[in-house]
């Protein structure tokens, strides 16, 4: 003969499948949340490494460009010093032609002029540029 369940036992037996299902759903939700967080963290790490690599490449390019411009300006200054040491100071027209040929505005933005200062010894030198000021 079948035994009759007491009312408390009967209601607990009916609720057990619901509790199990709820526990499984909560476990599934928690697992999906953890998987989502792990994927988000992996994507974030990947994007940060890509951005960092792009930044490093941009910095390297800018440094190379700046070094190139400074090297060209240093070479131009050395050439100007050689011109001045070569004997007489260059004429104003010769210096203006040299500076125009450098095309500073195009090759080195931010630099608008190049000056030449020639030391003239009053006792032993020619005062050719002593009183002349040239602004280019």
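The values are calculated or read from the model by the stated rules, or taken from the named source; none is laboratory data. All figures in this text were calculated on a predicted structure; none of them were measured in a lab. When we count neighbours, we look across all protein chains shown, and the Cβ atoms used for this are built from the backbone with ideal geometry, even at glycine.
Taking the conditions exactly as written (surrounded by fewer than 10 Cβ atoms within 10 Å (Cβ to Cβ) and more than 21 Å from residue 62 (Cα to Cα)), does residue 110 satisfy them or not?
No; evaluated as a whole, the condition is false for this residue.
Here is a list of conditions, (1) at pLDDT below 95; (2) within 18 Å of the chain's Cα centre (by Cα), and residue 87 meets all of them except one; can you say which number that is?
Just one mismatch for residue 87, condition (2).
Cβ-Cβ distance below 8 Å, separation of 6 or more or different chains: which pairs start in the stretch 44-69 with a residue that is surrounded by 10 or more Cβ atoms within 10 Å (Cβ to Cβ) and end on one that is assigned to a helix (DSSP H, G or I)?
Qualifying pairs under 8 Å: 69/107.
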